[in-house]
Amino acid sequence: MSGSALYETFARAPLTFERGEGCWLESPSGERYLDFAGGIAVNSLGHAHPHLVAALTEQAQKLWHVSNLYEIPNQRRLAERLVANSFADKVFFTNSGAEALECAIKTARRYHYAKGHGERFRTITFEGAFHGRTLATIAAGGQAKYLEGFGPKADGFDQVAFGDVDAAEALIGPETAAILVEPVQGEGGIRVFPATGLRRLRELCDKHDLLLMFDEVQCGVGRTGKLFAYEWTGIEPDVMAIAKGIGGGFPMGACLATDEAAAAMTPGVHGTTFGGNPLAMAVGNAVLDVVLADGFLDEVNRKALLFKQGLAAIADESPEIVDEIRGTGLLLGIKCRVPNTKISAALRDQHLLTVPAGDNVIRLLPPLIVSDDEIREGLSRIRAGVRAVADETQAAEPRQARA
Ligand SMILES: *Cc1c(COP(=O)(O)O)cnc(C)c1O
């Protein structure tokens, strides 16, 4: 046996954490790290948030699991709250983002099937997309590195360049069922899909009776300063997948849909053993208690601005390292001029955790409860890490002129 008994699928950093509180993680030896990775946008309320801990432990003492053979009152309640605060009329709960996307894709195919158009099963997606790691969602994401070696790519996904609405329009044919897009690409490199483009996609979907499906697994649940990122655009999708932040660290996801889009998802058509389980529902409701509280999202927006301004200053100071600052809300990215893994390692040396993304970007995903002081602390660590890489780069190439 080589290495550990685990599949070797993850390139893990040599770090272990034993406990967390708010934006901080602590190693077994007591070293503290400022966590701006947030479990990849999952720990929306940081670590060990008292309200989430209370909700989970209280539920754990009552009931863990009954299956969807029975009514689950907290599931109904969370669905009602998501519906009350979004475009949606219906919710299906899952355990992960990819499963929420699978439900979305099935919803779109079934929508057309029920109208007598089973031939309409294709979904248009955008380059750089990430929709998960199941066989259908790697086909939807279309990234070669995730498809390679897994047999024929699942049929039914067509991809166009990021943001290219004209190309999407040109691809619409008699088999097209839906358009699927992340309002802000996370894994793809914190790329904001222009709102004008999303509005045009809405028009195209209306014109051709396609379902417009948003993947807000990463950008949803307060991350951009609204409960959902689409709220910035003035339009609404027909179907939307969420996950990550809604569980605050407990595995859960959801597919939201309008009545019309979900009408063909009738009894027996789709299912899940664990989705909507009482533990997950207790935590999901607790996350919403906090995120929907008066003024919470205003604070996210205020802090996001503070953070982004500080990052812009660092970009100005070190143009040879930082190409640009991207993103919106607390979903920010540093586009690097040196390999992003080098920067993330330098930041880790400063005890600041971040996440590399595509397009040579470093993702900054602090918990939404981050304080002003923690933002300032994070900025000073980023400044120090960027300087360290700049010094190292200069030492290695002394005669290279500044870009
Ligand atoms: C993480 C992510 C997914 C997949 O979620 P899993 O829970 O890992 O299955 C899908 N879409 C987006 C935008 C994501 O960020």
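The values are calculated or read from the model by the stated rules, or taken from the named source; none is laboratory data. Predicted model only: the values in this text are computed from it and were never measured. Cβ coordinates were reconstructed from backbone atoms using ideal geometry, including for glycine residues, and neighbour counts include every protein chain displayed.
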Odd one out for LEU34, checked against (1) out of contact with any strand residue (DSSP E or B) (no Cβ under 6 Å at 6 or more places or on another chain); (2) buried (at least 20 other Cβ atoms within 10 Å of the Cβ): (1)
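ILE334: outside any loop (DSSP other than H, G, I, E, B), of a type outside the set (Ser, Thr, Tyr), crowded, with 17+ Cβ neighbours inside 10 Å and not assigned by TED's automatic domain parsing to the domain that holds ARG191, yes or no?
yes
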Lone unmet requirement of (1) part of a loop (DSSP other than H, G, I, E, B); (2) assigned by TED's automatic domain parsing to the domain that holds SER371; (3) buried (at least 19 other Cβ atoms within 10 Å of the Cβ) for GLY276: (2)
Count of the stretch 67-104 residues which are more than 16 Å from the ligand (Cβ to nearest atom) and among the hydroxyl-bearing types (Ser, Thr, Tyr): 3
Residue tally, condition within 11 Å of the ligand (Cβ to nearest atom) and farther than 17 Å from LEU180 by Cα, over the stretch 210-245: 3
Tally of residues being more than 16 Å from the ligand (Cβ to nearest atom) and either surrounded by 22 or more Cβ atoms within 10 Å (Cβ to Cβ) or farther than 15 Å from TYR113 by Cβ (or both) across the stretch 253-272: 7
Where a residue in the stretch 124-144 is on the phi > 0 side of the Ramachandran plot and its partner, wherever it lies, is of a type in the set (Gly, Ala, Ser) and part of a loop (DSSP other than H, G, I, E, B), with Cβ under 7 Å and at least six apart: GLY128/GLY188; GLY128/GLY189; GLY128/GLY358; GLY142/ALA129
Among the residues listed as LEU82, LEU45, LEU69, the single one being modelled with pLDDT of 95 or more, within 18 Å of the chain's Cα centre (by Cα) and closer than 30 Å to GLY268 by Cα: LEU82
Filter pass, ASP323 being outside any strand (DSSP E or B) and either outside the structural domain of GLU392 (by TED's automatic domain parsing) or not β-branched (Val, Ile, Thr) (or both): no
Helices (runs of 4 or more DSSP H) (entirely within the stretch 105-209) containing at least 3 residues that are closer than 30 Å to GLY225 by Cβ and within 16 Å of the ligand (Cβ to nearest atom): 135-141
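Here is a yes/no grid of residues against (1) in the same structural domain as ARG120 (by TED's automatic domain parsing); (2) touching a strand residue (DSSP E or B) at 6+ places or on another chain (Cβ under 9 Å); (3) more than 24 Å from ALA100 (Cβ to Cβ); (4) not charged (D, E, K, R):
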| site | (1), (2), (3), (4) |
| --- | --- |
| ARG133 | yes, no, no, no |
| GLN143 | yes, no, no, yes |
| LEU147 | yes, no, no, yes |
| GLY173 | yes, yes, yes, yes |
Residue that is farthest from GLY225 (Cα to Cα), among those in the stretch 38-63 that are of a type in the set (Gly, Ala, Ser) and within 16 Å of the ligand (Cβ to nearest atom): GLY39
Hey, THR258 touching an Asp or Glu at 6+ places or on another chain (Cβ under 8 Å) and among the β-branched types (Val, Ile, Thr) or not: yes
The one condition in (1) among the charged types (D, E, K, R); (2) within 23 Å of GLU99 (Cβ to Cβ); (3) not in a loop (DSSP other than H, G, I, E, B) that ARG223 fails to fulfil: (3)
Conditions (1) touching a residue at least 40 places away in the same chain (Cβ under 8 Å); (2) in contact with a helix residue (DSSP H, G or I) (Cβ under 7 Å, 6 or more places away or on another chain); (3) charged (D, E, K, R); number of the one not met by ARG326: (2)
Elements of type strands (runs of 3 or more DSSP E) contained in the stretch 1-51, each with 3 or more residues being in the same structural domain as ARG381 (by TED's automatic domain parsing) and among the acidic types (Asp, Glu): none
